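To start, I am sharing the structure in question, which I have written as structure tokens.
Just so it is clear, none of the values below were taken in a lab; they were calculated from the coordinates. Keep in mind that this is a model prediction, so the values were computed, not measured. Note that each Cβ is placed from the backbone with ideal geometry, even for glycine, and that neighbours are counted across all protein chains shown.
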Amino acid sequence: MYFWYMKNWTMNDVGSLSSKTIIVTGANAGLGFETALALAKKDATVIMACRNVSKAETAKEQILKEAPSAKLEIIKLDLSNLKSVHAFAEEFLDRYNSLDVLINNAGVMNPPYSKTVDGFELQMAANYFGHFLLTGLLLNVLENTEGSRIVMLSSIAHKAGKINFDNLNSEKSFSKIGAYGQSKLACLMHAYELNRRLSAAGSKVIAVAAHPGVSITDLMRHIPQFLLFLFRPLLPLVTHKPNKAALPELMAAVGNDVQGGDYLGPLGFQEMKGKPGKVKAMPHAYDVDIAKKLFDVAEELTSYRYKF
Ligand SMILES: NC(=O)c1ccc[n+]([C@@H]2O[C@H](COP(=O)([O-])OP(=O)(O)OC[C@H]3O[C@@H](n4cnc5c(N)ncnc54)[C@H](OP(=O)(O)O)[C@@H]3O)[C@@H](O)[C@H]2O)c1
């Protein structure tokens, strides 16, 4: 809920992040790029976790043009491949002994059906299972870092999402939108469940979620282009630019007034655009039994056990 008298949160509210190390997955494009840029401008050390190193190099050069003293490092990460997630975590842990924020931003929407090398449906793999494993592998270093946070990216699409345990990886039937909605609901439920488990274990690490509203980025590459063309006149009313759409995840990552289990998004009409702030998920996203079951299933499928 937004009231006119509420202050508009921006990165101007954030002081120097020079002592912070922050991982942004999918930092080479869209919201991840804007997030990395904004954090780099505040002097954070930003690890750009990207699947395509040459795209990441180009993005790094762009950031350096705007923030010449930016501290950026690229480490390859393909979230749709569990081996690559392990390799990324090993490389990061070899070189760094602290991690202040893990921003699980990368994502893919509505691609045609495909199965990853690990046997997962692509959207579930890249959006959820990959980040599930990544977070688990980095939990110790997060716990060893004072005031650390985990940010999961969700979407308005979680509203229509459903966790189908008997069709989690589209084994029985596949719907592009259904699989995307499920993956984004899974990300949101993971933030809530992880935060509950962290808090019950007495950990100081918090898990939060964010969504950007709607922004025209490469994410739309699998949407029929004629639809975007057709609705072009309406787009300014229902979308905002990537640098604005990145604000909820930035607020989740480095905002002061953020607690574990918070969900941040744009406060405008239907949360499609607007100033960033705390929003409410659909009631089904708070279902504790489903979240617990999903956590257990994800542990089994990724062959990774969290310590709680
Ligand atoms: N844009 C929106 O309106 C919107 C709305 C709701 C939620 N979101 C969420 O916001 C996040 C960012 O989306 P965006 O709009 O910035 O999309 P984007 O411009 O397409 O950027 C997505 C990023 O994720 C990376 N990525 C995709 N698959 C990957 C994989 N297997 N391993 C590693 N990285 C991978 C992409 O890498 P490549 O460049 O190599 O493809 C890219 O860097 C996503 O989680 C998305 O679901 C976006």
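Classify region 81-143 as rounded, prolate or oblate from the Cα gyration tensor: take a ≥ b ≥ c as the square roots of its eigenvalues, call it rounded if a/c is under 1.5, otherwise prolate when a/b beats b/c and oblate if not.
Working: a/c = 3.01, a/b = 2.03, b/c = 1.48.
Prolate.
Only loop residues by DSSP count here, and only those with at most 11 other Cβ atoms within 10 Å; note down the trypsin sites (Lys or Arg not before Pro) in region 1-109 that meet that.
K7
If you wrap a convex hull around the alpha carbons of region 1-71, what volume per residue comes out, as a whole number of Å³?
107 Å³
Kindly flag which residue pairs out of K42/K76; K20/K293; K20/K162; K76/K278 have an alpha-carbon separation exceeding 30 Å in this structure.
Beyond 30 Å: K20/K293; K20/K162; K76/K278.
Further question on the same structure: Restricting the count to DSSP beta bridges whose residues both fall in region 11-302, what percent are antiparallel, rounded to a multiple of 5?
15 percent
Moving to a separate point now. From the phi angles alone, apply the Karplus equation (6.51, -1.76, 1.60; θ = phi - 60°) to region 87-95 and give each ³J(HN,Hα) in whole Hz, x where the residue is Gly or Pro.
5, 4, 4, 4, 5, 4, 5, 5, 9
Take the chain, connect every pair of alpha-carbon atoms lying under 10 Å apart with a spring to form a Gaussian network, then pick out the residue of Y128, Y180, Y286 with the largest mean-square fluctuation.
Y286
Starting at the first residue of region 241-254, write each ³J(HN,Hα) from the Karplus equation 6.51 cos²θ - 1.76 cosθ + 1.60 with θ = phi - 60°, in whole Hz, x for Gly and Pro.
Listing the rounded values in order: 5, x, 5, 7, 5, 7, 4, x, 6, 5, 4, 4, 7, 9 Hz.
Which order do the peptides 219-228, 108-117 take when ranked by the mean count of other beta-carbon atoms within 10 Å per residue, highest first?
Details: 219-228: 12.4, 108-117: 15.3.
The packing order, highest mean first, is 108-117, 219-228.
Calculated from DSSP H runs of 4 or more alone, at -39500 (n - 2.57) each and per residue, what is the 222 nm mean residue ellipticity of the chain, nearest 500? Provide the component values of the computation, followed by the final result.
Values: 10 runs with 116 residues, N = 308.
The per-residue figure over the chain is -11500 deg cm²/dmol.
In the chain, once you exclude exposed GluC sites (Glu not before Pro) (DSSP loop, at most 16 other Cβ within 10 angstrom), what's the longest stretch remaining?
With GluC sites (Glu not before Pro) excluded where exposed in loops, the chain gives 1-145 as its longest stretch.
On to the next question. Connecting C-alpha atoms closer than 10 Å in a GNM of the chain, tell me which of N105, N144, N12 has the biggest fluctuation.
Answer for the Gaussian network model of the chain: N12.
With springs only between Cα atoms under 10 Å, which of G202, G274, G255 fluctuates most in a Gaussian network model of the chain?
Largest GNM mean-square fluctuation: G202.
Once the Cα gyration tensor of region 190-260 is diagonalised, what are the square roots of 5 times its eigenvalues, in whole Å and ordered largest first, as equivalent ellipsoid semi-axes? Intermediate results must be reported in sequence, preceding the final value.
On the way: eigenvalues 237, 37, 12 Å².
Result for region 190-260: semi-axes of 34, 14, 8 Å.
Next question. With only alpha-carbon atoms counted, please give the Rg and Dmax of the chain, in Å.
Here Rg and the maximum Cα pair distance are 18.0, 52 Å.
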